[in-house]
Amino acid sequence: MAFTIHGLPVSQGIAIGHVHLVSHALLEVNHYHVAERHLEEEVARLDEAVATVHGELVGLKAAATAGHSHSEVGAFVDLQIMMLADPLLIEAARRLVLERRCNAEWALVQQMEHLVEQFEQIEDPYLRERKADVVQVVERLVKVLLGQPGHLPPKRRDGLGTIVVAHDLSPADTLGFRDHNIAGFVTDVGGPTSHTAIVARSLAIPAVVGLHHIRQLAEEDELLIIDGTRGVVIVGADAGIVEEYRLRRAELELERSKLNRLRDTPARTLDGELVNLLANIEGPKDIGHIRAVNADGIGLYRTEFLFLGRDSLPDEDEQYEAYRTVIKALPGKPVTIRTFDVGADKALDTVSPRFEPNPALGLRAIRYSLTEPKMFLTQLRALLRASAHGKLQIMIPMLAHAHEIDQTLALVDKAKAELRAERVKFDETVQIGGMIEVPAAALALGMFIRRLAFLSIGTNDLIQYTLAIDRSDEAVVHLYDPLHPAVLKLIGGTIQAGARYGLPVSVCGEMAGDPAYTLLLLGMGLRNFSMHPGNILEIKQQVLRSDLGELAPRVQRILKLDEPAKVRDAVARLAG
Ligand code: PEP
Ligand code: MG
């Protein structure tokens, strides 16, 4: 029997495929009794997972002590390695398998809960906190036992792809789908501007998130359809429904191919103004997408994806190669590379997770970079070396304070001085810009304008921080409103200030790639839009139909409105 569930559409298109259940959370551990004759095999499975995690931790320690990470990481990893050998954890779990016939995951989680309870009784706050290490070790073991997205099933013979069904997925997991035959994914949690959703869009994989119980409702291998445009998921569809969606998918593909005719048409408005349509990328693998749409350059290269989902950090040469490859692929075009924006939903695997009460307000982006000056300097050196090969601009994420810029510029000077002393070539005039994605930055633009060469508005975070809602939490997604009058004031004010002081301003958040906002942003004075390459031609179509002389005064009136319904109506009428 087929049934339909509605969630949040985050990546367009239709996918038809077979379910592959992926687990991450301990909550999802199945409880079952193992048959007597399979008990030895179950213990062997547990022992194998222990050996795998031991290998992972030893690798992690080697990376941490290689000097790139927090110095105390080595000690934490040692502690976790010791826990793997501790009879109170592993031996006790083995006994639960053999004596109570629990499956390995269940045995581990039971023993973990027992140990956590004991830790909670401890007076000493340091020792009490060590319960987090027990949880992390068990989490690693359970992940290995359950299989991770990295271990995806092989391509199927019936021509249908695999649809990943998970409680949650990290951006790094999603990026790993690129190398597998993944037709789409659906998750219980998540928001449309979470980094997981952004990666799905850049890979053009249909996705629906915020489905609440899909992980429980879908069964391994069953047929599932994703309508990533409407946010609809159909489980167990019959042949008739599958045929209907096949047709719809063909229609969507036809519409997209019509847009391809605009590839080499300059993005000029009806009144002759040229608009730059730039691409957001995650790495050199996106070069094909940029060429397919002939983007005017790169407005945002999210370099953190080079650092995520791996046990050791990329060294200077690896980074240099990645940046140089992208720059050389776009001769004569600007390439804006953002320094790594790790933290919040983009946590590094090389650092022991810390308890963070509010990760989005914590050690993220430039804040993280400045606490790891050695790692930051390595990136700056790699970027400067790459600058010798084309038109590189360096961009700093999530700035809020003048001293963050000053410290960064001092590190850039240090990197330049080192390279000069080593007689390594770089572009002496490389421009440094910053992202406006914290309301404080948009409200105190003077200190940014005085110090930087360009600005780029990150609307995803600007909206998150202005409206105080977590962009990856589906429970508050209905409050995520790009047309909120406060958000529009901050965006409009930044574009205007840039024009007044002759500083180029772009928008590189998801708003720039959403055709619903193109006319509004053009009317605000925006001439640089950066988005995932898949949206460039659709936005170009909007630009080609627009008349700035007519739009600008209408948008100025919209910016004065402070009644949401009126703003919404007025924006909708811009297209009419
Ligand atoms: C943004 O915040 O709008 C942005 C472009 O950066 P990210 O989505 O990577 O946080
Ligand atoms: Mg951001």
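The values are calculated or read from the model by the stated rules, or taken from the named source; none is laboratory data. Everything numeric in this text was worked out from a predicted model, so none of it was measured. Neighbour counts are summed over all protein chains in view; Cβ atoms, including those assigned to glycine, are modelled from backbone coordinates with ideal geometry. Accessible surface is based on the protein model in full, side chains and every heavy atom, while ligands, DNA and RNA are left aside. Shrake-Rupley method; radii C 1.70, N 1.55, O 1.52, S 1.80 Å.
Quick notes
- A convex hull fitted to the Cα coordinates of the chain yields 169 cubic angstrom per residue.
- G509 long-range amide H proximity, modeled H, under 5 Å: T459, N460
- Peptide ranges 421-433, 384-396, 250-262 listed from the most packed, as the mean C-beta count within 10 angstrom indicates: 384-396, 421-433, 250-262
- Viscosity 1.002 mPa s, temperature 20 °C, Stokes-Einstein D of segment 25-146 from Kirkwood C-alpha radius, µm²/s: 142 µm²/s
- Share of pairwise Cα separations in segment 394-452, more than 19 Å, in percent: 34 percent
- Annotation: peptides 83-92, 298-307, ranked by per-residue average of other Cβ atoms within 10 Å with the highest first, follow the order 298-307, 83-92.
- Nearby aspartates and glutamates by direct alpha-carbon distance to K540 (threshold 20 angstrom, same-chain neighbours under 8 apart not counted): E253, E255, D264, D271, E273, D286, D296, E510, D514, E550
- In this Cβ point-charge picture (+1 for Lys and Arg, -1 for Asp and Glu), the chain has a dipole of about 2720 debye about its Cα centre.
- Theoretical ellipticity at 222 nm over the chain - DSSP helices of four or more residues, -39500 (n - 2.57) apiece, nearest 500: -14000 deg cm²/dmol
- Where only alpha carbons of segment 324-422 are counted, the Rg and the Dmax (Å): 14.8, 45
- Scanning the chain for DSSP H helices at least 27 Å long along the axis (C-alpha atoms) with a Kyte-Doolittle mean no lower than -0.5 picks out 39-63, 402-421.
- Taking only the C-alpha atoms of segment 268-574, Rg followed by Dmax gives 19.1, 60 Å.
- Unsatisfied cross-links (Cα-Cα over 21 Å) in the set K131/K374; K285/K333; K374/K414: K131/K374
- Percent of alpha-carbon pairs separated by more than 18 Å within segment 489-561: 36 percent
- Average accessible surface for the chain: 44 Å² per residue, computed with a 1.4 Å probe over protein heavy atoms with every protein chain in place.
- Whole-number D in µm² s⁻¹ for segment 110-243, Kirkwood Cα-pair radius fed into Stokes-Einstein, 37 °C, 0.692 mPa s: 193 µm²/s
- Carbon-plus-sulfur accessible fraction, segment 25-146 (probe radius 1.4 Å, protein heavy atoms only): 54%.
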